[in-house]
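See below for the structure under consideration.
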Amino acid sequence: MKRDPLSLLPLSPAMFHVLVALADGQAHGYAILKEVERLTGGEVRLSTGTLYGIIKRLLAEGLVREQRVDDPRRRAYQLTAFGREVARAEAARLEQTLAIARRKALFRHA
């Protein structure tokens, strides 16, 4: 039975950033930290402890898989097809949430 990506939503912002950081291909932990920082203009800086806690959960949920690289001490991570579906579903959810907010007085000029 195929899992529903919506069953994992909403994602924490940090989890979403990690999935987005992996959208272009596999990366090791340090590269993920740097990509999240780059994508957010330095606004989000994950600690290594936070990152590896997120990766552990993403692995358990089947959103990423571990890839062995040349150095046996290093691991790289890659989105699974399901992980990509969940990331897309979360992006759509965030877009819908923002669209609702934009219709409210919050975004209207006074």
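Of all the criteria given as (1) farther than 18 Å from Leu9 by Cα; (2) in contact (Cβ under 8 Å) with a residue 60 or more places away in the chain, the one not satisfied by Arg102 is (2).
A single member of Leu39, Leu63 is surrounded by fewer than 16 Cβ atoms within 10 Å (Cβ to Cβ) and within 16 Å of Ala27 (Cβ to Cβ), and it is Leu39. Within the range 90-104, identify whether any single residue is among the small types (Gly, Ala, Ser), surrounded by 10 or more Cβ atoms within 10 Å (Cβ to Cβ) and in a loop (DSSP other than H, G, I, E, B), and answer yes or no. Taking every residue of the range 90-104 in turn, none turns out to be among the small types (Gly, Ala, Ser), surrounded by 10 or more Cβ atoms within 10 Å (Cβ to Cβ) and in a loop (DSSP other than H, G, I, E, B).
Here is the figure for the range 8-36: residues that are open to solvent by less than 80 Å² (accessible area, probe 1.4 Å) and polar (S, T, N, Q) total 1. Remark: Val69 matches the filter, which requires a residue to be open to solvent by less than 80 Å² (accessible area, probe 1.4 Å) and more than 14 Å from the chain's Cα centre (by Cα). Beta carbons closer than 6 Å, at least 6 apart along the sequence or on distinct chains, pair a first residue in the range 1-28 that is more than 26 Å from Arg68 (Cβ to Cβ) and at pLDDT 95 or above with a second that is surrounded by fewer than 17 Cβ atoms within 10 Å (Cβ to Cβ) and not aliphatic (A, V, I, L, M) for Leu9/Arg93.
The values are calculated or read from the model by the stated rules, or taken from the named source; none is laboratory data. Please read these numbers as outputs of a predicted model, since none were measured by experiment. Note: ideal-geometry Cβ built from the backbone for every residue, glycine included; neighbour counts use all protein chains shown. These accessible areas exclude ligands, DNA and RNA; they are computed on the full protein's heavy atoms, side chains included. Shrake-Rupley method; radii C 1.70, N 1.55, O 1.52, S 1.80 Å.
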